[in-house]
Amino acid sequence: MSHAPTLAGRTLFVTGATRGIGLAIAVRAARDGANVAFIGKTDAPHPKLPGTIHDAARAIEAAGGHALPIACDLRDETAVEAAVAATVERFGGVDILVNNASAISLTGTLDTPAKRFDLMMGVNARGTYVASRACLPHLMAAAQAGRNSHVLTLAPPPTLDSKWYRDHVAYTLAKVGMSLVTLGMAEEFRSDGVAFNALWPRTVIATAAVAMIPGAMEARERMRTPDIVADAAHAIVTRDARACTGRFLIDEDVLREGGVVDFDRYAVKPGQSLLPDLFLG
């Protein structure tokens with residue numbers, strides 16, 4: 001099996017697919033008939049966040065895929081390794097890893113205790129490293145078998161622009177840490193045929209995580225839905241892994257390259273001026 005514009009019969013391992021962008025990526029893959037194993041912490045209803053891993057599994061199955069929901073804390077390396085092993089046992093391997101899970105706190109230094117710093121670094125930078133490391137033996141085997149192995153991480157282009165560190169240095173360190181894992185592993189595993197790329201939205205995406213930021217949802221009509229990121233992710237992981245690696249891609253640009261011209265369908269409210277996302281511009 002070489003690269004093809006479908007994920008039928010392919011196996012994805014997705015971190016943080018209970019809701020939002022991760023779930024949208026999983027459902028888009030499921031529409032092709034993919035196998036989707038995913039990890040999340042919400043095994044039972046959460047008082048503030050919608051959905052559980054079981055709700056997500058039902059959505060994946062309803063879209064035409066095969067789901068394997070696994071309750072797992074990404075910061076627990078042993079648990080992540082067990083989740084990957086369960087995926088291989090169920091589906092026979094891992095072809096694609098999506099590092100989507102992320103913790104966010106847009107707070108300054110004096111309002112960000114070390115515990116919150118550790119949470120963001122543990123989920124974002126370290127979590128990306130842990131999930132990638134656990135999946136890599138299977139991704140390398142899949143690449144050897146011609147199954148077009150990809151790792152896609154939801155992270156921005158790396159930046160040293162101080163304006164993106166000034167107001168939330170802890171979050172930026174954790175998020176750019178994901179970018180640097182991508183940069184390094186792309187070169188480390190280039191010769192093995194495993195692609196490592198990052199994807200970031202041009203605009204703010206209306207998700208439950210964004211809703212947790214005070215005042216953010218007052219501007220919801222100026223955001224896009226997670227579907228635009230899901231469609232862009234699908235386009236990336238169906239590209240030739242040996243020809244597309246080490247890139248930091250923007251959702252809108254990816255879709256324009258693929259011929260998409262109508263972006264109103266992704267808007268929460270078409271016709272509104274859109275909010276640019278962090279780390280761009």
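For M217, all conditions in the list (1) under 26 Å from D262 (Cβ atoms); (2) over 15 Å from the mean Cα position of the chain (by Cα); (3) not in a helix (DSSP H, G or I) hold save one; what is the number of the exception?
(3)
Just checking, which of A37, A8, A26, A57 is at pLDDT 95 or above, within 15 Å of the chain's Cα centre (by Cα) and outside any strand (DSSP E or B)?
A26
Taking the stated definitions as given, is D227 surrounded by 16 or more Cβ atoms within 10 Å (Cβ to Cβ) and closer than 30 Å to H138 by Cα?
yes
Quick one: is E81 more than 18 Å from A24 (Cα to Cα), open to solvent by 10 Å² or more (accessible area, probe 1.4 Å) and not in a loop (DSSP other than H, G, I, E, B)?
When the stated conditions are applied, E81 passes them.
Could we say that M212 is more than 14 Å from V98 (Cα to Cα), open to solvent by 10 Å² or more (accessible area, probe 1.4 Å), without any contact (Cβ under 8 Å) to a residue 24 or more places away in the chain and among the aliphatic types (A, V, I, L, M) here?
Criteria not met by M212.
Can you list the helices (runs of 4 or more DSSP H) found entirely within region 93-208 that contain at least 1 residues being touching a residue at least 40 places away in the same chain (Cβ under 8 Å), among the aliphatic types (A, V, I, L, M) and open to solvent by 20 Å² or more (accessible area, probe 1.4 Å)?
114-123, 125-144, 169-188
Could you run through region 233-281 and say how many residues are in a helix (DSSP H, G or I) and surrounded by 14 or more Cβ atoms within 10 Å (Cβ to Cβ)?
Of the residues in region 233-281, 10 are in a helix (DSSP H, G or I) and surrounded by 14 or more Cβ atoms within 10 Å (Cβ to Cβ).
Looking at (1) assigned to a helix (DSSP H, G or I); (2) out of contact with any strand residue (DSSP E or B) (no Cβ under 7 Å at 6 or more places or on another chain); (3) among the β-branched types (V, I, T), can you tell me which one T87 breaks?
(2)
The values are calculated or read from the model by the stated rules, or taken from the named source; none is laboratory data. Since we're looking at a predicted model, the values are computed, not measured. Neighbour counts run over all protein chains shown; Cβ positions are idealised from the backbone, glycine included. Ligands, DNA and RNA are excluded from the accessible area calculation, which covers all protein heavy atoms including side chains. Shrake-Rupley method; radii C 1.70, N 1.55, O 1.52, S 1.80 Å.
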